[in-house]
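Everything below concerns the one structure shown next.
The values are calculated or read from the model by the stated rules, or taken from the named source; none is laboratory data. Just so you know, these numbers come straight off a predicted model, no measurement behind them. Cβ placement follows ideal geometry from the backbone for every residue including glycine, while neighbour counts extend to all protein chains displayed. The protein model used for the area step is the full one, side chains on, heavy atoms only, and it has no ligands, DNA or RNA in it. Shrake-Rupley method; radii C 1.70, N 1.55, O 1.52, S 1.80 Å.
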Amino acid sequence: MSISTNLTTIRNEIKQAAEQSQRNHNDITLVAVSKFHGKDAALEAIKAGQTVFGENKIQEATHKWTDIKENNSDIELHFIGHLQTNKAKEAVQLFDVIEIVDRKKLALSLAKEMEKQDKYPECYIQVNTGSEPQKSGISPEETDELIALCQEINLPVTGVMCIPPAGENPEPHFDILFQIAERNGLKNISMGMSSDYATAIEHGATHIRVGTAIFGKRPTI
Ligand SMILES: *Cc1c(COP(=O)(O)O)cnc(C)c1O
């Protein structure tokens with residue numbers, strides 16, 4: 001299957017899932033996760049009309065996207081990986097949305113960098129909805145407090161994201177994330193990947209992050 005065929009299939013499924021839950025499909029953004037795939041794959045997706053992309057490593061993303069972004073002003077790049085505090089500068093430089101703010105120290109570094117660069121990418125709070133010890137993300141219980149702190153330091157938080165535990169029914173996790181967004185007045189809800197994005201849409205996702213179903217399998221390392 002080609003990237004453009006895959007994109008067409010997914011766009012149709014987004015429409016179907018939106019219809020089923022009486023939502024407008026234009027309220028759902030497909031974030032094409034191009035990590036591990038090269039510039040050619042990214043350009044092929046752009047040619048097929050895709051403008052929003054996700055990457056999880058600063059160095060790989062810089063290499064892949066710096067030129068492409070210079071030549072395509074409508075590209076919107078989301079950071080979805082783990083971010084070390086000392087990479088805040090690069091993240092603010094390259095990305096339009098930083099989906100993984102999950103601790104105070106990182107929030108403070110990002111706020112400082114944004115002021116320095118006078119560039120304010122939107123931030124989402126990453127929530128560890130399954131409270132998995134090995135996983136990034138703030139616990140659901142501590143999320144409201146982190147959001148309040150971000151607002152105090154003028155970090156532009158506009159949404160939340162989660163990665164439910166592998167092998168579990170994701171629906172309770174989607175619901176937890178939806179509720180956090182709702183009670184904090186945040187409009188963006190990033191949840192759902194290749195295997196469960198239709199379900200995520202039915203539970204209120206505004207952004208789905210899809211890699212494998214667009215670009216094919218990644219090498220396992
Ligand atoms: C890799 C990745 C995705 C995409 O996963 P697929 O199963 O390939 O669709 C989504 N979100 C995050 C945070 C990822 O790291």
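Can you find even one residue in segment 13-30 that is open to solvent by 60 Å² or more (accessible area, probe 1.4 Å), free of Cβ contacts under 8 Å to residues at least 24 places away in the same chain and closer than 15 Å to Val210 by Cβ?
Yes: segment 13-30 contains one or more residues that are open to solvent by 60 Å² or more (accessible area, probe 1.4 Å), free of Cβ contacts under 8 Å to residues at least 24 places away in the same chain and closer than 15 Å to Val210 by Cβ.
Quick one: which residue in Glu60, Glu90, Glu70, Glu55 is among the charged types (D, E, K, R) and open to solvent by less than 30 Å² (accessible area, probe 1.4 Å)?
Result: Glu55 is the single residue among Glu60, Glu90, Glu70, Glu55 that is among the charged types (D, E, K, R) and open to solvent by less than 30 Å² (accessible area, probe 1.4 Å).
So, Asp175, is that one open to solvent by 10 Å² or more (accessible area, probe 1.4 Å) and farther than 30 Å from Met1 by Cβ or not?
yes
Looking at segment 93-127 only, could you name the residues that are open to solvent by less than 10 Å² (accessible area, probe 1.4 Å) and more than 13 Å from the chain's Cα centre (by Cα)?
Scanning segment 93-127 gives Leu106, Ala107, Leu110, Met114.
In segment 193-221, which residues are over 14 Å from the mean Cα position of the chain (by Cα), of a type in the set (D, E, K, R) and within 13 Å of the ligand (Cβ to nearest atom)?
Those that are over 14 Å from the mean Cα position of the chain (by Cα), of a type in the set (D, E, K, R) and within 13 Å of the ligand (Cβ to nearest atom): Asp196, Lys217, Arg218.
The rows are residues; the columns are (1) among the charged types (D, E, K, R); (2) without any contact (Cβ under 8 Å) to a residue 40 or more places away in the chain; (3) in contact with a His (Cβ under 8 Å, 6 or more places away or on another chain).
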residue: Ala48; (1), (2), (3): no, no, no
residue: Thr51; (1), (2), (3): no, yes, no
residue: Ile75; (1), (2), (3): no, yes, no
residue: Glu90; (1), (2), (3): yes, yes, no
residue: Asp96; (1), (2), (3): yes, yes, yes
residue: Arg103; (1), (2), (3): yes, no, no
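If you scan segment 107-134, which residues turn out to be touching a Leu at 6+ places or on another chain (Cβ under 9 Å) and within 16 Å of the ligand (Cβ to nearest atom)?
The answer is Cys123, Tyr124, Ile125, Val127, Thr129.
I'd like the full set of residues that are within 13 Å of the ligand (Cβ to nearest atom), in contact with a strand residue (DSSP E or B) (Cβ under 6 Å, 6 or more places away or on another chain) and without any contact (Cβ under 8 Å) to a residue 40 or more places away in the chain, limited to segment 166-192.
Within segment 166-192, Met191, Gly192 meet the criteria.
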